[in-house]
Structures are given as structure tokens and as C-alpha cells.
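The values are calculated or read from the model by the stated rules, or taken from the named source; none is laboratory data. Note that this is a predicted model, so its numbers are computed, not measured. Every residue, glycine among them, receives a Cβ derived from its backbone with ideal geometry; neighbour counts consider all protein chains shown. Calculation scope for accessible area: heavy atoms of the full protein, side chains included, ligands and nucleic acids excluded. Shrake-Rupley method; radii C 1.70, N 1.55, O 1.52, S 1.80 Å.
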Amino acid sequence: MQTQDQRFSFTGTGSEYFRIWIVNLVLTILTLGIYSAWAKVRRMQYFYRNTRLNESSFDYHGTPIAILKGRLIGVGLFAAYYTALKFMPLLGLAIGLFIALIMPFLLVASFRFRLYNSSYRGLRFGFVGSIKSAYVVFLALPIATLFTLYLLAPFTHQRIKAYQHNNSRYGQSPFTFTAGAGSFYKVYLLTLLQFILVGGLFAYGAFRMIGGSMATMPKEQIIFPVVIATYLVMIAASLLIIPYFISRIQNLVWNHTQLGAHRFSSTLSVAGLTWLIFSNFLFTVVTLGLFKPFADIRLARYRIEHMAFTPAGNIEEFIASEQQQIGATGTETAEVFNLDIGF
Amino acid sequence: MKTVNANYFDGLSALQQAVALNIAQGQLEVRGEKLIRAEPLSNIRISAKLGSAPRLLNFAGGGHCEVNNHADFEALLRDAGVLPQSLLSRMEGSWRHALTATVLSIVIAIASFYWGLPWVANIAAGRIPDSVSLSIDTHFLDAVDKGLVQASQLSQARQKKLRKRFDNLRAMHGLPPHQLEFRSSKVIGANAFALPGGTVVVTDQLIALASNDEEVLAVLAHELGHVSERHPMRQLLQSSVVGLAMTWYLGDISSLLAAAPTMLLETNYSRNFERRADRYAASMLRENGIAPARLADMLEKLEKSHRGAVKESGEQPSRIARFLSTHPDTAERIRDLRGDGSRQ
Ligand SMILES: [Zn+2]
């Protein structure tokens, strides 16, 4: 049966979200951060409920208390690590090691929490990945990656995505992931080529600007311009190359993900995402952060509206799984460490 | 009879059913083509309004309705005597509240940066064990010894003599022993600075600039003034918090950018810190029979030497000099120190 693509749509607006964001921000400040858990639930609900597919919206069910508990643990771990590293590097290293050891466990907990607390059409999502496999993909493989000088990075990335997607459920229906490591190597290789190209251009430009005078300068005076130039290259690379990487990976991952026999597709364009990330960054800095809610909405709309769902049959036949209760600790701790573990 | 269109989901399958909602005698009636369900309102959790996102009606026994027609649904609730909106939703919906919240958060941000953060840093700095702050000094010296500064060219005898006078200086004032370190550096030039653990570092260039030991001691007394009030540790804590907050807020891509301003913050003390260190130095110097005006002389020379470095070799070192300069508003401080001295 040939069916039409169903596009995901996003109905949130910047002006509406700004008001929600700023009111919740002030409440968070006035309660010394305690309210942030409630604010997060509002934020997640706003984004989920405004994400629509086939006339119905998604919903988020996480409870503030569960999030608050996780957040306290997360902030505690992070603060211990950060202060120890600054004042007692050895202890900081020990804490970092401890965090690395429990991270796979926390990640599994956070996937479970986030998926279980997401629903579409009244059916919850779920995550059934085992802790054992989590230690393989989130600890063993990253260590192996380090020891192979990042040659294994694309392979590890593929394994992580496969672990996440193959263990996700919608109701009782499993997701499957079919992209191989080869296609990840291709994206990484093209990204690396761009990095060399952009970095080379910048280095050439910098050399032309400073010219030969650098050779005659004393060593101490070269350090400063070199540090600044390195910063500029890194920022340029972030703004030019990271959008390429993000868009190619998102497309690769979703074009090879299925729910039962139903397919997904993602068509993010590099130019579109580059402009979006660049302008978001610029406006956020210029407005001292007040543009942030608008930026979040723009990015969400762009990512969501470039996704589509291709049903292979009647999607109303999905049925609910037995529901279970899971703690929030995982997601929150991982979020503090700025890990994108988004589904 | 007024009804509101909605979609109904039973919570068991993904089946979507178009329904009409109505409230009668405290009961919500859900009517669809193949469905009639009536539930008392007390068994239904109605989600608070959240912008124009759909509102969700969750039934205690499973199943929910999704409502997109906000105006009609609110009218339905009002007619049934249910409070239409929570206080939070009202605040989130109004531009007046949003504006108030914006102004309030900007005021709070500024206030916590100028008053809250220094206050907390001051309390925290007093609670950090000496062993910890001393290890920071060691790490800092290790780090700068690899490039920014080199070993001092001063003779051992000269170093010993200066150390002795430095010890007398602080002992007279009842301060515990402090480490004095000598280094040479073309990059930072004539300079002296105190580290969080109380170690004072002085460059050969500064000693060469001074006409006599009293001028060197005047600068060291000023640095001890910073140490006695834990300015270096407070500054370190403050800039760490600012850096952390900026990294957190701007996110991964721009954490590089966030690091730059904190580096700048780290080297400049507030005008208030400088004035307090000057006052401390003045009293310490007087106890040792040295006129506070020696510090003023030295400040003048340092100012001139840093400006001189600018003229000599163009734009690049000027930026470095300004970058590492630890003493702003020099003219005013010189006037105060001389005034202080003449009153004696
Ligand atoms: Zn000073």
C-alpha cells in the first residue's frame, strides 16, 4: 500500500514562548532555582504539545518533583567535579572517573525517563535497552575510540544511535535502526575535509594579514595573536561546520529509522541550518540573551518541520504497552553535563 | 446546546476519534460517532492553558481529549462555573507581566553580579582551607613558569635581602608568613601580583624600575593588602562563577567565547579592592617608617613604564600590557596616597 508522507508540524511561536519563558525565569530566580523543575515541565509541554503529526500533538508527562530530585543530584555532582578540578585537580580527576563510571547507568535512566514521559495520541513511548549494552556503547567504545586516536568515533556514534533507536518503543511497537557504520564514516570524513579547508583558509588569511612581520617579532608577542586567531578559527568552524555535521547526522539517523514498517525521513539543509544557528547566536549575544526563547523556537521549528512520517499501513493500530514508573534522576544529571540525549 | 469539537483517545490504541464536548450538571459529556462517555469534572485533569498549545483533558480512568478551540472551550468552562485560567497561565499570556518580568530579571542579574556574587565570594573565600589555596598558587606558578614568566635574574643575596625586609614588613603588622617569589617576564613587564594562597610574585622588571628597596616594599605592602582581604581568592571565585554561568547559558558552541571575558575579569580588581589595598599598605608602611608616598611614586613609574611599552613597539604589547594591568584609576590613587602621606 502506497501512502502519503505526513509532515511533522510545529505551531509554537516566539512571542508566545517568550512570555512563558520570562515569567518562568523570574519565578526560578525568585525561588533560588527551585522552580526551575516546574519551569522545565512547562517548557517541555510547550514544545511537545506544539509538535503535531496527523492532527494530533505530542505530550510530556514528567513531574516537577522527579525532575527536581534529579537536578539536585546533577548539580551536586557537577559542582563537586568543577570545584575539585579547579582547587584539587587529583580529587577532581577521581570524581570525573566516578562520573564516567556511572554515566552509562544515568544515561539509560534518562532515556527511560524521557521516553516513558513522552506520548503521542495517548500512547507512551518507552525504552528497553539493557544496562550491560549501555556500558559497551557509552563506556567501552568511547575508551576504545580514545585509544585508536578517534578512528573509531564514527563507529561508536553509529553504535550509540543503534542502541538508542533499536531499544525505543512506541506503545508496544519497536523502532529499528538500519544505518551502518559506513555511512557515519562518510559524514565524519566530509566534515573533517571541511574543517581542514576552513581552518586552512583562516590560517592563510591570518598569515597574509600579519604578513612577514611575525617572523621578526619576539616569541612572547606572537603568543597573543596566535591565541586570538585560534579562537576565531574555532568559532568560525563551530558556526560553519557544526551545522553541516548536525544536519547530515540528523538526516542519516532518521532516514534509517523505522517504527514497525513505517518510515521516517529528515531533509535538513546545510545552508538553512547554518543561517539559523549563526543568526540565533548573533541575536542572542546582541540582546544579552533575551532572544534565547525565540532562538529555541526557530531551531525547534526548523528541525521538526523538516521531518516526515511515511506510514506503511494504518497507524491507528498501535496499542499501548504496560506502563511503568521510572525515576527522573538520569535525564537531569545528563542535562547538567550538556549531553544531547534527545530522542 | 453549545458543544466544542475535540479529539478523543482511549489510551489503549492510537485511534483518534472526533468528538463533541459538553458540560452538563458537573459532568463532561464526550460524544463521537461510536462513543458516548460521561465523566464527573472531578475525575478529569484539565491542563492549564499554555500559549495556544492544545489543552488536554485527562480522565482518571484512562483516555484523554485534545482541544484546539480555546475560545469555545473557555466559554464552556466559564458557563459550567469552572475557573477558566490559572494565575500562572494568565501571567504567561500577558505582555505586561512579560515586560515586568524582563525588567525584574535584568535588575536581578545586575544586582547579583555587582553585590550578590561578591558577597557570596567573600564568605566562601574565608572557608577555603589553606592547603587548598596554597595548592592553587603552586599550580598557577607551574602553569606560568612554562612560558609567561622565566626564572629571576636577581642574585641570591639580593633576593634574600628583599625577603628579609618583606618578612619584617608583615611581621610588624602581625601577618602570618607569606611566600615571596621572584620572576622575570618581558610579557607582563614591571608587575607584582598576589595569588589566592597568599603568595606574592614580583618581577625583576619592577625591581629594576624602583629607585630603592622602599619603593619595592611599598608595592609588596599593597599586594599584602590584597592578600589580607583575600581579594585574589574572591576574584577567582567570582570569575569562576561568571564563567560557569556563561558556559551554561550560551551552551556548547560558544563556550569558547564565554571563556574570553572571564580571562579579562580575572586580572582586574575593582576600584574598591585597589583603594582598600592602598589604605592597608599605607598603614603597614608607616609602621615600618616608610612614607606611603613611596607607593605613589611607584604607581607613577609603573603607569609610565606600561605606557612606554606601548610607544616603543606599537599596538601588540599595548594590548598585552592593558590585558595584564592590575591597577586602574592610577591618578586618583596617587593623589590619595600623597595626600595621606602629607597629613602625617
Ligand atoms: Zn592592586
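Table for the structure above
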item	result
Flag for B:L162 being surrounded by 15 or more Cβ atoms within 10 Å (Cβ to Cβ) and closer than 29 Å to B:A208 by Cβ	yes
One residue from B:E66, B:E74 being closer than 29 Å to A:G14 by Cα, surrounded by fewer than 19 Cβ atoms within 10 Å (Cβ to Cβ) and among the charged types (D, E, K, R)	B:E74
Residue that is surrounded by the fewest Cβ atoms within 10 Å (Cβ to Cβ) [pool: residues in the stretch B:181-190 that are more than 14 Å from every other protein chain (Cβ to nearest Cβ) and either among the hydroxyl-bearing types (S, T, Y) or more than 16 Å from the ligand (Cβ to nearest atom) (or both)]	B:E181
Hits in the stretch A:263-289 (condition: open to solvent by 30 Å² or more (accessible area, probe 1.4 Å), aliphatic (A, V, I, L, M) and in contact (Cβ under 8 Å) with a residue 12 or more places away in the chain)	A:V270
Set A:F291, A:F264: member being closer than 16 Å to A:A179 by Cβ, out of contact with any Lys or Arg (no Cβ under 6 Å at 6 or more places or on another chain) and modelled with pLDDT of 90 or more	A:F264
The one condition in (1) closer than 20 Å to A:N50 by Cβ; (2) part of a loop (DSSP other than H, G, I, E, B); (3) open to solvent by 50 Å² or more (accessible area, probe 1.4 Å) that B:A48 fails to fulfil	(3)
Residue within the stretch B:101-122 that is within 30 Å of A:K292 (Cβ to Cβ), open to solvent by 30 Å² or more (accessible area, probe 1.4 Å) and more than 21 Å from the chain's Cα centre (by Cα) present	no
Filter pass, A:T63 being over 20 Å from the mean Cα position of the chain (by Cα), at the interface with chain B (Cβ under 9 Å from one of its Cβ atoms) and of a type in the set (S, T, N, Q)	no
Where A:Q4 falls short, out of the listed (1) open to solvent by 50 Å² or more (accessible area, probe 1.4 Å); (2) out of contact with any strand residue (DSSP E or B) (no Cβ under 9 Å at 6 or more places or on another chain)	(2)
Considering residues of the stretch B:191-229 that are within 14 Å of chain A (Cβ to nearest Cβ) and more than 11 Å from the ligand (Cβ to nearest atom) only, the residue surrounded by the fewest Cβ atoms within 10 Å (Cβ to Cβ)	B:Q205
Selection from the stretch B:81-115 of residues that are more than 10 Å from chain A (Cβ to nearest Cβ) and part of a loop (DSSP other than H, G, I, E, B)	B:G81, B:V82, B:L83, B:P84, B:Q85, B:S86
Selection within the stretch A:124-145 - more than 16 Å from A:Q164 (Cα to Cα) and at pLDDT below 90	A:R124
Test result for A:T51, within 12 Å of chain B (Cβ to nearest Cβ) and open to solvent by less than 40 Å² (accessible area, probe 1.4 Å)	yes
Some residue of the stretch B:176-199 being free of Cβ contacts under 8 Å to residues at least 24 places away in the same chain and in contact with a Ser or Thr (Cβ under 9 Å, 6 or more places away or on another chain)	no
Condition broken by B:V144, with the remaining ones in (1) in the same structural domain as B:G198 (by TED's automatic domain parsing); (2) open to solvent by 30 Å² or more (accessible area, probe 1.4 Å); (3) β-branched (V, I, T) satisfied	(2)
Matching residues, the stretch B:1-16, being among the hydroxyl-bearing types (S, T, Y) and within 11 Å of chain A (Cβ to nearest Cβ)	B:Y8, B:S13
Single condition B:D329 does not satisfy, out of (1) at negative phi; (2) modelled with pLDDT under 80; (3) more than 10 Å from chain A (Cβ to nearest Cβ)	(1)
Count of the stretch B:123-141 residues which are surrounded by 12 or more Cβ atoms within 10 Å (Cβ to Cβ) and part of a helix (DSSP H, G or I)	12
